[in-house]
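The values are calculated or read from the model by the stated rules, or taken from the named source; none is laboratory data. Being a predicted model, the structure only gives us computed values, none of them experimental. For neighbour counting, all protein chains shown are included, and Cβ atoms are generated from backbone atoms with ideal geometry for every residue, glycine included. Surface accessibility is based on the protein's heavy atoms, side chains included, excluding ligands, DNA and RNA. Shrake-Rupley method; radii C 1.70, N 1.55, O 1.52, S 1.80 Å.
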Amino acid sequence: MPADWWRRQASLISAPGRAVRKPLVSVGQAEGYEPWDLASIFQKMESQSPWVVVVLSCLLYRSSAHNDFFTSIGQMTDLLFTEKDLVTSLKDYIRAEESKLEQVKRWAEKLDVLSSTAAQDPEGFLGHPVNAFKLMKRLNTEWGELESLVLKDMSDGFISNLTIQRQYFPNDDDQIGAAKALLRLQDTYQLDTDTIATGNLPGMMHKSSLTSEDCFELGKIAYSEADYYHTELWMSQAMKQLEQGEESSLDKVTLLDYLSYSIYQQGVLDRALELTKKLLKLDPEHQRAKGNLKYFQYQLAKQRKAEAEGGVKHNDSKEREKREASTKLPERQKYEKLCRGEGNKLTPRRQSRLFCRYYNNHGHPRFLLGPVKQEDEWDRPRIVRYHEILSHSEIEKVKELAKPRLRRATISNPVTGVLETAQYRISKSAWLAAYEHPVVDRINQRIEDITGLDVKTAEELQVANYGVGGQYEPHFDFGRKDEPDAFKDLGTGNRIATWLFYMSDVTAGGATVFPEVGAAVWPKKGTAVFWYNLFPSGEGDYSTRHAACPVLVGNKWVSNKWIHERGQEFRRPCSLDESD
């Protein structure tokens with residue numbers, strides 16, 4: 001065939017769901033139902049129960065009051081209670097419908113016996129005046145009452161509750177955000193799809209598994225982002241579960257269609273061709289697969305000819321591994337290793353200089369009789385942890401104050417200075433001022449007493465709760481030289497130091513890591529870590545670049561205090577040596 005035909009064919013390749021071809025139906029559409037079982041039941045009932053249309057419209061409604069639920073586990077807990085309330089309401093509706101059907105059933109059974117008896121001798125039966133009267137009464141009155149009972153809508157309470165609650169439902173962005181979080185956790189902690197699909201995560205108390213439809217949905221979301229690596233992984237997992245006998249409305253043809261294309265996009269032509277042939281065995285009339293088969297065969301023949309002429313064999317798997325590795329920056333690789341607990345280890349000499357001690361901040365009156373427990377976490381930069389620095393009651397009060405005000409955490413745009421959301425910071429935060437509650441004021445004073453720094457010019461206490469796979473990728477707390485206006489509006493100078501409270505234990509993941517130096521600090525409820533962002537000279541310490549690792553299992557709450565330069569002139573005098 002002419003070369004231009006193949007070029008045209010290449011422009012049409014791919015394609016599951018692409019506009020150039022007829023889009024794939026979603027899972028289960030061949031049978032007329034969506035994959036969600038409840039929705040399938042509702043659709044089956046639609047012709048018999050008009051109220052179902054209203055229910056579906058409620059479920060599909062997307063509230064304008066969307067709050068990025070997936071970015072805060074703490075706020076997501078409210079959704080569980082919302083759903084629990086809806087289930088209770090739905091069960092009430094089911095009981096009402098069952099009660100109604102039971103009444104209709106008893107009526108039908110009674111009349112069935114009566115009509116069978118009457119039909120054997122109609123004249124004799126009606127010869128009894130009572131039977132004649134009761135027939136008139138049934139047809140004139142009782143059948144009308146039965147009609148009213150059958151037509152009675154028992155769904156009013158459920159629909160009203162659903163209408164009220166639907167404004168708090170997550171939307172597509174939340175579902176996509178949660179799916180991306182799973183993919184992020186998979187990469188960061190090097191988890192295979194089977195581990196995630198079976199729910200075998202470390203420290204899990206409430207194990208939950210993914211169905212083949214769930215795996216397919218993850219693959220589709222990756223596909224929509226042109227992330228063909230994860231598309232392949234999750235479509236393969238869905239196929240594996242189907243082949244193991246899992247009952248599903250999902251069909252293998254759909255999976256093979258996505259699989260072959262995602263593998264083709266990664267440059268593995270022979271494997272893409274193999275899967276396309278497998279697809280055509282199941283569906284010989286699949287038009288896209290028939291076209292792709294010819295194109296893959298042509299490209300593979302062309303590739304092998306080039307290999308023969310050049311004497312170099314093309315290794316698809318090695319090429320794919322090379323491409324995958326090249327997409328990760330060195331810092332990203334360091335960051336993920338630290339998150340997995342594979343970071344640098346201090347030499348014995350450096351380790352010997354780290355101590356635990358009782359600390360009273362040079363004889364501060366508050367700590368003379370009750371010094372705080374201080375532990376050296378790292379030497380350069382110096383990172384110290386304070387143990388038992390927040391009580392459980394203080395933590396609960398801070399969470400209580402913050403939770404209603406949690407909003408999607410923002411970052412400062414280094415160019416415009418405008419606060420904006422970012423995919424590399426998945427959490428919600430709230431700010432608490434000292435005057436709002438004595439506990440907040442007491443915490444601020446405690447920070448000042450321990451550090452010896454003036455917190456009057458510090459920022460308010462920021463409380464943060466991380467969401468599904470919640471993280472904050474590597475960043476600096478201080479403003480760099482290329483960000484001269486970073487904190488100009490505050491008028492308090494740069495962020496000289498960071499104080500970070502851990503307000504919860506985290507089952508797995510969630511460490512604070514410093515990729516530049518290889519340090520990792522793990523969350524422990526009631527403790528706090530402290531470090532200086534600036535040298536005494538006022539220059540930034542670039543080794544303090546740090547990150548919050550994705551939370552693999554658990555719920556991470558932290559609060560932090562950013563302390564600024566103003567007010568520290570005599571508490572931490574400036575040095576003339578830039579490196580000091």
One residue is enough: does the range 311-330 have a residue meeting the conditions open to solvent by less than 90 Å² (accessible area, probe 1.4 Å), over 39 Å from the mean Cα position of the chain (by Cα) and modelled with pLDDT under 85? yes
The lone condition Arg446 fails out of (1) surrounded by 16 or more Cβ atoms within 10 Å (Cβ to Cβ); (2) modelled with pLDDT of 95 or more; (3) within 20 Å of Gly538 (Cβ to Cβ) is (3)
Selection from the range 562-580 of residues that are touching a strand residue (DSSP E or B) at 6+ places or on another chain (Cβ under 6 Å) and either of a type in the set (Ser, Thr, Tyr) or open to solvent by 10 Å² or more (accessible area, probe 1.4 Å) (or both): Trp562, Glu565
Suppose we filter Leu453, Leu419 for residues that are in contact with a strand residue (DSSP E or B) (Cβ under 7 Å, 6 or more places away or on another chain) and at pLDDT below 95; which single one remains? Leu419
Residue ID - nearest to Ala409 (Cα to Cα), chosen from residues in the range 449-471 that are open to solvent by less than 30 Å² (accessible area, probe 1.4 Å) and among the charged types (D, E, K, R): Glu459
Exactly one of Tyr435, Tyr386 is free of Cβ contacts under 8 Å to residues at least 40 places away in the same chain and over 31 Å from the mean Cα position of the chain (by Cα), and that residue is Tyr435
Among the candidates Leu135, Leu162, which residue alone is surrounded by 13 or more Cβ atoms within 10 Å (Cβ to Cβ) and closer than 17 Å to Lys110 by Cβ? Leu135
Taking Gly518 as the residue in question, decide whether it is surrounded by fewer than 22 Cβ atoms within 10 Å (Cβ to Cβ), in contact with a helix residue (DSSP H, G or I) (Cβ under 8 Å, 6 or more places away or on another chain) and not aliphatic (A, V, I, L, M). yes
Can you find even one residue in the range 202-221 that is over 25 Å from Arg332 (Cα atoms), among the aliphatic types (A, V, I, L, M) and out of contact with any helix residue (DSSP H, G or I) (no Cβ under 8 Å at 6 or more places or on another chain)? yes
Taking the criterion of being in a strand (DSSP E or B) and open to solvent by less than 60 Å² (accessible area, probe 1.4 Å), would at least one residue in the range 338-353 satisfy it? no
Quick one: Glu396 ticks every box in (1) assigned to a helix (DSSP H, G or I); (2) surrounded by 15 or more Cβ atoms within 10 Å (Cβ to Cβ) except a single one, so which number is it? (2)
Restricting to the range 498-515, count the residues that are buried (at least 24 other Cβ atoms within 10 Å of the Cβ), in contact (Cβ under 8 Å) with a residue 60 or more places away in the chain and within 14 Å of Asn560 (Cβ to Cβ). 4
Within the range 372-388, can you find the residues that are surrounded by 18 or more Cβ atoms within 10 Å (Cβ to Cβ), part of a strand (DSSP E or B) and not β-branched (Val, Ile, Thr)? Gln374, Glu377, Trp378, Arg385, Tyr386
Kindly provide the set of residues from the range 176-208 that are among the small types (Gly, Ala, Ser) and at positive phi, ordered by number. Gly199, Gly203
Filter result for the condition that a residue is without any contact (Cβ under 8 Å) to a residue 24 or more places away in the chain and farther than 17 Å from Ala520 by Cα, over Phe570, Phe535: Phe570
Set Val517, Val558, Val529: member being part of a loop (DSSP other than H, G, I, E, B) and among the β-branched types (Val, Ile, Thr): Val517
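To keep it simple, each residue is scored yes or no on (1) touching a Leu at 6+ places or on another chain (Cβ under 9 Å); (2) assigned to a helix (DSSP H, G or I); (3) of a type outside the set (S, T, N, Q).
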| position | (1), (2), (3) |
| --- | --- |
| Arg106 | no, yes, yes |
| Glu123 | no, yes, yes |
| Leu135 | yes, yes, yes |
| Thr141 | no, yes, no |
| Leu146 | no, yes, yes |
| Gly157 | no, yes, yes |
| Thr163 | no, yes, no |
| Arg166 | yes, yes, yes |
Note on the range 524-561: residues buried (at least 16 other Cβ atoms within 10 Å of the Cβ) and among the basic types (Lys, Arg) are Arg545, Lys556, Lys561
Considering only residues of the range 101-144 that are of a type in the set (Asp, Glu) and under 60 Å from the mean Cα position of the chain (by Cα), which is nearest to Ser155 (Cα to Cα)? Glu102
Could you check Ile447 against (1) under 23 Å from Arg545 (Cβ atoms); (2) in a helix (DSSP H, G or I); (3) free of Cβ contacts under 8 Å to residues at least 24 places away in the same chain and say which number it fails? (3)
Which helices (runs of 4 or more DSSP H) sit wholly inside the range 168-272 and have at least 2 residues that are without any contact (Cβ under 8 Å) to a residue 60 or more places away in the chain, of a type in the set (S, T, N, Q) and open to solvent by less than 30 Å² (accessible area, probe 1.4 Å)? 228-243, 252-265
Scan of the range 400-412 for residues that are touching a Phe, Trp or Tyr at 6+ places or on another chain (Cβ under 9 Å) and either under 10 Å from Ala430 (Cβ atoms) or among the acidic types (Asp, Glu) (or both), ordered by number: Ala402, Arg405, Ala409
